[in-house]
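Undergrad: Below is a structure I'd like to ask you about.
The values are calculated or read from the model by the stated rules, or taken from the named source; none is laboratory data. Source: prediction; values computed, not measured. A quick note on method: Cβ atoms are made from the backbone with ideal geometry, for glycine too, and the neighbour counts reach across all protein chains shown.
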Amino acid sequence: MSVGSKTIRFTLNGEAVGAEVPPHWNLVELLQNRFGLYGARESCGQGLCGCCTALVDGRAVSGCLYLAALADGTRVETVEQPAAGGGLDAVQKAFIECGAFQCGFCTPGFVLMSRKLLDENPDPTEDDIRHYLSGNLCRCATYPEIIEAVKLAARLRKKRDATADKRR
Amino acid sequence: MKAKTAQTGTVGQAIPRTEGSAKVTGRAEYVHNLQLPGMLYGKIHRSTIAHGRIRRVDTTAAQALEGVHRVVTGEDIRAAVSDPHYGPAFHDQPILAFEKVRYAGEPVAVVLATDPHVAEEAAARIVVEYEELPAVFDEVEAMTSKAVVHEVLKPAGTFPDLKHLQGRRNTNVALDYRLRRGDVEAAFKKADHVFEHTFRTQQVLHVPLEPFVTVVEPGESGVTIHTSSQSPSFVRIEIARLLGWPENRIRVKVPYLGGGFGAKLYIKLEALVTVLALITRRPVKIALTMEEQFYTITKHAATLRIKSGVTKDGRITARACEVWWNGGAYADIGPRVTQKSGFTAPGPYDIEHVHIDSYALYTNLPPAGALRGFGIPQLVWAYEGHTDMIARALKMDPVEFRRRNLLVNGRPQATGTVMKDAAIDTVLERAAARMEWGKPCDPGTGTIRRGRGIAIGFKASISPTTSVAIVNLYADGSCALYCGTVDMGQGSDTAMAQIVSEILGVPIGSVTVVHPDTDVTPYDMATLGSRSTYHMGHAVRLAAEDARDKLMALTREVGLSAETAPIRDVFRKKYGMQAGNIVGTGTFIPTYTPTDHDTGQSANVTPFWMIGATGAEVEVDTETGQVRVTRLVNVADAGTPINPRIVETQLSGAAIMQLGFTLSEKMEFSAGQCTNASLAAYRIPGMLDIPPGIENEAVESAERGGPFGAKGVGETGTFGVSPAIASAIEDAVGVRLMSLPITPEAVFRALRAKQGNPLKDN
Amino acid sequence: MIPFELVEPRTLREAASLLASGDPAVRPLAGGTAVMLMMKMGVLRPARLVSLRAVERRCSEIREADGELRLGAMVTLSALERSPIVKNLAPVIVRASRTLSNVRVRNVATVGGHLAHADPHMDLPPVLIALGASVTTVDPEGGRTIPLETLYAGYLETALRSNELIAEVSVPVQGVRRAAYLKCTTRSADDWPALGVAVVLDTEGDAVREARIVVSAATDTPTRLSAAEEALRGARADEKILRRAGEAAAAAANVVGDEHGSAAYKRELLRVYLARAVKQALASKG
């Protein structure tokens, strides 16, 4: 069952990388087995829970439903990607500040999705947040805290942008 | 960080969780992340029938597949382990089925391969021939069914109240728990009114997002088991028993858990993976899929019949409860659910005459165990529905009716144990106040009708159980806490570190919590039943106090001033350099009086009580039966919280989980086969399902027996949710639902039946 | 999952010729979400997957031509959701997209894959059928145009041949027509629907001139409800007419029961949701 492995090249968290992948591997297997990255993790296996979220060419995808071979030539980002300037980004800080996680298994997915939401919509309403994050499940049901964290992250990002503008 | 510790004031503060950074960067450690050199992956072949004899297991095609290392069957396990049955209450569950299968989904064989895809493909090629046997699925039918799940009962011996079942044959009753207090029959005769209702709850699933996973490394003299377990000490002791080894040859390590909720208790994959590692002499990993979780452990479906005698002025004088718990094919901790929950079946009410029969039943369904409440949510569903229905029949306000009957401190509960530090009345009043119960509620208009409901439940803690902790103070004043409590998301690492920080007077950042590793961390019964804050919290407090006392003694010994000398100076003076340790230990076991077998009476049945009330406001669409919960108010007696924010998150999380069990979640079966074993078909609540208004409150309270006045809270938020919603629906549209879940169709059918125009299926 | 060959042709025509006719082990792969799910469940065991990812760029274009909205088969659902052209020409599609599956699925799932999968729980087929859309296909010899209404042959079955691929969807612009899509989920908000109803109305004053109504999810295929359309034709959609349309729909539709609800219940839902969808369409600006 090892036929047809293929060498792919892509950018992983800002670094050019290559890997040999069997055709039936998904993106989660690629990240875990070839790069030791476990932040994207398979849970429901059906693209419903968001635990396996990764960004491919800037778009959030379910890693469990994404063939690894199709990552060839793309730009892949995971939750392990350090924030610009190192340390934690606004979303991560807000999640800690608001206690927006419990067991933490779904947290990387929520962090990445929240980041994308704020990239697309810097000032989301609560309804926007609920809809955008409706495809991520948290069995500990830390939903109210996550909503608060996204709101806080939006404020933190604005403050950061305002500071950056002033410096310019 | 002076030798004489000043209180840091850490306890009682809503400090952020200590593991936050690891979790938001995806770097937190889970067993899931573990891959070892030379590791084999196991994939399980499962029974396709609910009950039958295994005629033949044909592994030829599986074994022939390129890349397969080995196929292991139940007979292979038996050759390696003389009696391969495990379980906390009964030694009834085989590591792999042999001779018989007792539920659809039961593990029958395992394929091992270095490539998990190969193992999966090969497992699908195993062919098993069965001789089907009659099966039983319903818990009430199981009482008298000719289909018997186990030939003979084999109690584990750990629980004295199961000993009388040893060797019993031709029965599916795994425990017949009874409580007798006063004379209910006479009281029913005297009562002005007698009410009787039967309620049902459905089988549901924990759904931790990290499915069960175990990795076992065989070593020269023993094994190391890395497992997603809530009970590392139990795993060690039970594996030692199965193998006939001393405990010291088995090392169990547990990092963070991606959720547990009672699923990851006792033995799940650990026995199987250990034996596979011993047979192959290779590290072995089995990581279940989400689907396989549906075949592993579930929550009991139950039928509950409850009957009350009531005076015309609204005093409950007598209550009889009969509860049938559907335990599935293996007892797991079901008998504990039957007993521990059984004795609170009459609810938090002061009732003179009580009669309880609670039965644990075997059926041919996936096994049921503990799920966030140990049976309490099922009981509250029944007794609070019943209570509301009585209040309505008596035309009394449901809160007022409860007030008249509430169990207060100083009065005996049904077991005879006198209530203490149980803020039942405060919890009810705070919930009513937040709901503005005294003011009328907007009934809605047109096709949208509004209503509200309130419900209250209580729970005893599991008893008597032991926790041991060690605090290791380093020479620079930082320290480690060796603690067997598993942080599965409830925030125990943070709370325990707060206790150490408070007592030693060191900053929280100077306290490392060492995760369960049975070679390092001392014994703890398990992380379950909201016991850790109280039991382990006490042990941690004692260990920290022991370390503090030893530090004081050392300070005196070296002639320094405890008032001014930093901790590091004390060590330097003693050892001439930064060296040495101070080790403090703490062991805690609360007092307990066993219940009498015939009457269920005990003077001291629990170290503490948990109390939870929920108020719900709903909108019901009268044209479709859809229910929207618009507000959920969760009030609890959690003692004095160590960390108020974590307590609030626990309450809210538990209530939302129970919201799923109330409105949507249900395992569906066809001939014993679960037909919705995926998150696409078994829906858990998401962001769009949670009420716009969720409020949580831990009332002012103190548990005098608890560390810093604290007690457990992990389950409390679940208690009142289901009956509060059912009562709110009745308030809105006048129909009472008696079975969970309350689906839109169930509400619609009830509405049509009420209109005298029942929905016809054709 | 078992290994397979993954090929990435550069044109749709080449892709079609790679799909050797009649071999169920050779399948096209667009966004891949449904294909991956079927492979994981073991119901699809392909020997070869023909990825459409690298086909002509125009297959990923959204444009206006000949008074129609043209959607390339490889347009992702999120591109659809964000497209100003779609918002302008057929706003009902944008509204329906917001609750379609989830963001990650919409980011990769394609219009062509969504339509060709023929799962009756999908949201766009009823909307596009109600708008009067058709699909243009490509096969090794040429291609054809199929009204979307006739594409569906049964549960997960279409009229497409195994070497025939959807190239483009043509949607008559919504224009002054008023439209709504409502779906009803019975277990969680994000569940597959128990019922979907799409309504597109030509109106004159407050009367309905022509109605196109399509039910999905409760039936094996998305189905036009002509009897209900007839009941609305030329009428003012008051409660009486809506009730009549609902009755006609419930009587005519071949509603099937499943884990989302019994057939009897879903028929009741159909009555209610049909009326609500008509009202919402009439209340909408487009």
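Undergrad: When segment B:651-686 is examined, which residues are found to be more than 7 Å from every other protein chain (Cβ to nearest Cβ) and either assigned to a helix (DSSP H, G or I) or among the polar types (S, T, N, Q) (or both)? Spell out the reasoning first.
TA: First pass over segment B:651-686, keeping only residues more than 7 Å from every other protein chain (Cβ to nearest Cβ): B:651, B:654-655, B:658-663, B:665-667, B:669-675, B:677, B:682.
Those that are more than 7 Å from every other protein chain (Cβ to nearest Cβ) and either assigned to a helix (DSSP H, G or I) or among the polar types (S, T, N, Q) (or both): B:LEU651, B:ALA654, B:ALA655, B:GLN658, B:LEU659, B:GLY660, B:PHE661, B:THR662, B:LEU663, B:SER670, B:GLN673, B:THR675.
Undergrad: Assess whether A:LYS159 counts as being more than 26 Å from C:LEU37 (Cβ to Cβ) and either assigned by TED's automatic domain parsing to the domain that holds A:ALA19 or touching a residue at least 60 places away in the same chain (Cβ under 8 Å) (or both).
TA: Details: more than 26 Å from C:LEU37 (Cβ to Cβ): yes; either assigned by TED's automatic domain parsing to the domain that holds A:ALA19 or touching a residue at least 60 places away in the same chain (Cβ under 8 Å) (or both): no.
No, not satisfied.
Undergrad: Here's a follow-up. Do the conditions hold for B:THR614, that is, is it assigned by TED's automatic domain parsing to the domain that holds B:THR716 and in a loop (DSSP other than H, G, I, E, B)?
TA: Numbers: assigned by TED's automatic domain parsing to the domain that holds B:THR716: yes; in a loop (DSSP other than H, G, I, E, B): no.
In short, no.
Matching residues to (1) surrounded by 18 or more Cβ atoms within 10 Å (Cβ to Cβ); (2) of a type in the set (D, E, K, R); (3) more than 13 Å from chain A (Cβ to nearest Cβ); (4) within 17 Å of B:ILE279 (Cα to Cα):
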residue	(1), (2), (3), (4)
B:GLY12	no, no, yes, no
B:GLU19	yes, yes, no, no
B:THR60	no, no, yes, no
B:GLY67	no, no, no, no
B:GLU99	no, yes, yes, no
B:ARG102	yes, yes, yes, no
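Undergrad: Continuing with this model, one more query. From B:THR587, B:THR591, B:THR599, which residue is out of contact with any strand residue (DSSP E or B) (no Cβ under 9 Å at 6 or more places or on another chain), under 30 Å from B:PRO335 (Cα atoms), touching a residue at least 40 places away in the same chain (Cβ under 8 Å) and surrounded by fewer than 17 Cβ atoms within 10 Å (Cβ to Cβ)?
TA: Values: B:THR587 fails: out of contact with any strand residue (DSSP E or B) (no Cβ under 9 Å at 6 or more places or on another chain); B:THR599 fails: out of contact with any strand residue (DSSP E or B) (no Cβ under 9 Å at 6 or more places or on another chain).
On inspection, the qualifying residue turns out to be B:THR591.
Undergrad: Scanning segment C:246-261 for residues that are charged (D, E, K, R) and surrounded by 16 or more Cβ atoms within 10 Å (Cβ to Cβ), which turns out modelled with the highest pLDDT?
TA: Kept after step one, since they are charged (D, E, K, R), are these residues of segment C:246-261: C:247, C:258-259.
Add one more test, that the residue is surrounded by 16 or more Cβ atoms within 10 Å (Cβ to Cβ), and what stays is C:247, C:259.
Working: C:GLU247: 96, C:GLU259: 92.
Here the residue is C:GLU247.
Undergrad: Checking B:ILE646 against (1) within 23 Å of C:ASP191 (Cβ to Cβ); (2) crowded, with 22+ Cβ neighbours inside 10 Å; (3) within 8 Å of another protein chain (Cβ to nearest Cβ), which test does it fail?
TA: Only one criterion in (1) within 23 Å of C:ASP191 (Cβ to Cβ); (2) crowded, with 22+ Cβ neighbours inside 10 Å; (3) within 8 Å of another protein chain (Cβ to nearest Cβ) is unmet by B:ILE646, namely (1).
Undergrad: Can I ask one more? Give segment C:93-137 a look and list any residue that's free of Cβ contacts under 8 Å to residues at least 24 places away in the same chain and touching a strand residue (DSSP E or B) at 6+ places or on another chain (Cβ under 8 Å), or say none.
TA: If the condition is that a residue be free of Cβ contacts under 8 Å to residues at least 24 places away in the same chain and touching a strand residue (DSSP E or B) at 6+ places or on another chain (Cβ under 8 Å), then C:ARG104 is the only one that fits.
Undergrad: Among residues belonging to segment B:204-246 that are part of a loop (DSSP other than H, G, I, E, B) and of a type in the set (Ser, Thr, Tyr), point out the one that is nearest to A:GLY39 (Cα to Cα).
TA: Looking at residues that are part of a loop (DSSP other than H, G, I, E, B) and of a type in the set (Ser, Thr, Tyr), I get B:SER228.
Undergrad: Provide a single number: the residues in segment B:479-535 that are in a helix (DSSP H, G or I), among the hydroxyl-bearing types (Ser, Thr, Tyr) and out of contact with any Lys or Arg (no Cβ under 7 Å at 6 or more places or on another chain). Lay out the reasoning, then the answer.
TA: Residues of segment B:479-535 that are in a helix (DSSP H, G or I), as a first pass: B:492-504, B:508-510, B:532-535.
After this cut, where a residue has to be among the hydroxyl-bearing types (Ser, Thr, Tyr) as well, the list is B:492, B:494, B:501, B:510, B:532-534.
Restricting the remaining residues to those that are out of contact with any Lys or Arg (no Cβ under 7 Å at 6 or more places or on another chain) gives B:492, B:501, B:510, B:532.
Within segment B:479-535, residues that are in a helix (DSSP H, G or I), among the hydroxyl-bearing types (Ser, Thr, Tyr) and out of contact with any Lys or Arg (no Cβ under 7 Å at 6 or more places or on another chain) number 4.
Undergrad: Are there any pairs with C-beta distances below 6 angstrom linking a residue in segment B:177-206 that is surrounded by 15 or more Cβ atoms within 10 Å (Cβ to Cβ) to a residue that is in a helix (DSSP H, G or I) and among the small types (Gly, Ala, Ser), with the two at least 6 apart or on different chains, and if so which?
TA: B:TYR177/B:GLY342; B:PHE199/B:ALA382; B:PHE199/B:GLY385
Undergrad: Here are the criteria: (1) under 20 Å from B:PRO516 (Cβ atoms); (2) part of a loop (DSSP other than H, G, I, E, B). Tell me which single one B:ALA271 does not satisfy.
TA: Here B:ALA271 meets the rest and fails (2).
Undergrad: Is it the case that C:LEU282 is surrounded by 21 or more Cβ atoms within 10 Å (Cβ to Cβ) and either more than 21 Å from B:ARG749 (Cα to Cα) or out of contact with any His (no Cβ under 8 Å at 6 or more places or on another chain) (or both)?
TA: Working: surrounded by 21 or more Cβ atoms within 10 Å (Cβ to Cβ): no; either more than 21 Å from B:ARG749 (Cα to Cα) or out of contact with any His (no Cβ under 8 Å at 6 or more places or on another chain) (or both): yes.
No.
Undergrad: Related question: For the structure I just gave you, tell me whether B:GLU745 is in a strand (DSSP E or B) and either within 14 Å of chain C (Cβ to nearest Cβ) or surrounded by fewer than 24 Cβ atoms within 10 Å (Cβ to Cβ) (or both).
TA: Details: in a strand (DSSP E or B): no; either within 14 Å of chain C (Cβ to nearest Cβ) or surrounded by fewer than 24 Cβ atoms within 10 Å (Cβ to Cβ) (or both): yes.
Here the answer is no, as B:GLU745 does not meet what is asked.
Undergrad: Among the residues of segment B:748-762, write down those that are surrounded by fewer than 24 Cβ atoms within 10 Å (Cβ to Cβ), within 14 Å of another protein chain (Cβ to nearest Cβ) and outside any loop (DSSP other than H, G, I, E, B). Steps first, answer last, please.
TA: Of all residues in segment B:748-762, those surrounded by fewer than 24 Cβ atoms within 10 Å (Cβ to Cβ) come to B:749-762.
The next check asks that each one be within 14 Å of another protein chain (Cβ to nearest Cβ); those that pass are B:749-753, B:755, B:757-762.
Hits for segment B:748-762 are B:ARG749, B:ALA750, B:LEU751, B:ARG752, B:ALA753.
Undergrad: Okay, next question. Would you point out the residue of segment B:115-143, among those that are under 30 Å from B:GLN202 (Cα atoms) and crowded, with 21+ Cβ neighbours inside 10 Å, that is nearest to the other protein chains (Cβ to nearest Cβ)? Can you show your working first?
TA: Within segment B:115-143, the subset under 30 Å from B:GLN202 (Cα atoms) is B:130-143.
Next, from what is left, pick out any that are crowded, with 21+ Cβ neighbours inside 10 Å: B:135-137, B:139, B:142.
Details: B:ALA135: 22, B:VAL136: 24, B:PHE137: 18, B:GLU139: 23, B:ALA142: 25 Å.
Only one residue fits best here, namely B:PHE137.
Undergrad: Sticking with this one: Pairs, please: C-beta under 7 Å, at least 6 apart or cross-chain, first residue touching a residue at least 12 places away in the same chain (Cβ under 8 Å) and in segment B:732-749, second in a helix (DSSP H, G or I) and among the charged types (D, E, K, R)?
TA: B:GLY734/B:LYS754; B:VAL735/B:LYS754; B:ARG736/B:GLU730; B:PHE748/C:GLU268
Undergrad: With the condition kept exactly as written, say whether any residue in segment B:280-290 is in a loop (DSSP other than H, G, I, E, B) and more than 30 Å from B:ALA113 (Cβ to Cβ). Outline the logic, then answer.
TA: Within segment B:280-290, the first condition is being in a loop (DSSP other than H, G, I, E, B), and the residues that meet it are B:281-283, B:288-289.
Keeping just the survivors that are more than 30 Å from B:ALA113 (Cβ to Cβ) gives none.
No, segment B:280-290 has no match at all.
Undergrad: Mind checking whether some residue in segment B:508-525 is buried (at least 18 other Cβ atoms within 10 Å of the Cβ), out of contact with any strand residue (DSSP E or B) (no Cβ under 8 Å at 6 or more places or on another chain), within 30 Å of B:ILE225 (Cβ to Cβ) and among the aliphatic types (A, V, I, L, M)?
TA: no
Undergrad: If you go through segment B:687-740, how many residues are within 14 Å of chain C (Cβ to nearest Cβ), assigned to a loop (DSSP other than H, G, I, E, B) and more than 22 Å from B:GLY373 (Cβ to Cβ)? First the steps, then the outcome.
TA: As a first pass, look at segment B:687-740 and keep what is within 14 Å of chain C (Cβ to nearest Cβ): B:687-692, B:740.
Subsequent filtering for residues that are assigned to a loop (DSSP other than H, G, I, E, B) retains B:690-692, B:740.
With more than 22 Å from B:GLY373 (Cβ to Cβ) added as a condition, the list becomes B:692.
Qualifying residue count for the region: 1.
Undergrad: Just to be sure before I move on: is B:THR59 without any contact (Cβ under 8 Å) to a residue 40 or more places away in the chain, of a type in the set (Ser, Thr, Tyr) and in contact with a Ser or Thr (Cβ under 8 Å, 6 or more places away or on another chain) in the structure I sent?
TA: Details: without any contact (Cβ under 8 Å) to a residue 40 or more places away in the chain: no; of a type in the set (Ser, Thr, Tyr): yes; in contact with a Ser or Thr (Cβ under 8 Å, 6 or more places away or on another chain): yes.
The answer is no for B:THR59.
Undergrad: Pairs only if they're at least six apart or on different chains, beta carbon under 8 angstrom, first in segment C:229-241 and surrounded by 12 or more Cβ atoms within 10 Å (Cβ to Cβ), second basic (Lys, Arg) and part of a helix (DSSP H, G or I); list them, first residue then second.
TA: C:ALA231/C:ARG244; C:ALA237/C:LYS279
Undergrad: Within segment C:252-270, does at least one residue satisfy the condition of being away from chain B (no Cβ under 14 Å), farther than 17 Å from C:ARG178 by Cα and out of contact with any Ser or Thr (no Cβ under 7 Å at 6 or more places or on another chain)?
TA: Within segment C:252-270, one or more residues are away from chain B (no Cβ under 14 Å), farther than 17 Å from C:ARG178 by Cα and out of contact with any Ser or Thr (no Cβ under 7 Å at 6 or more places or on another chain).
Undergrad: Moving on. Condition check: more than 30 Å from B:GLN202 (Cβ to Cβ) and either out of contact with any Asp or Glu (no Cβ under 7 Å at 6 or more places or on another chain) or not assigned by TED's automatic domain parsing to the domain that holds B:VAL337 (or both). Does B:HIS91 satisfy that? Break it down stepwise before answering.
TA: Details: more than 30 Å from B:GLN202 (Cβ to Cβ): no; either out of contact with any Asp or Glu (no Cβ under 7 Å at 6 or more places or on another chain) or not assigned by TED's automatic domain parsing to the domain that holds B:VAL337 (or both): yes.
Answer is no for this residue.
Undergrad: Can I ask one more? Which one of these is within 14 Å of another protein chain (Cβ to nearest Cβ), buried (at least 24 other Cβ atoms within 10 Å of the Cβ) and either under 22 Å from the mean Cα position of the chain (by Cα) or over 30 Å from C:MET1 (Cβ atoms) (or both): B:LEU288, B:LEU304, B:LEU361, B:LEU371?
TA: B:LEU371
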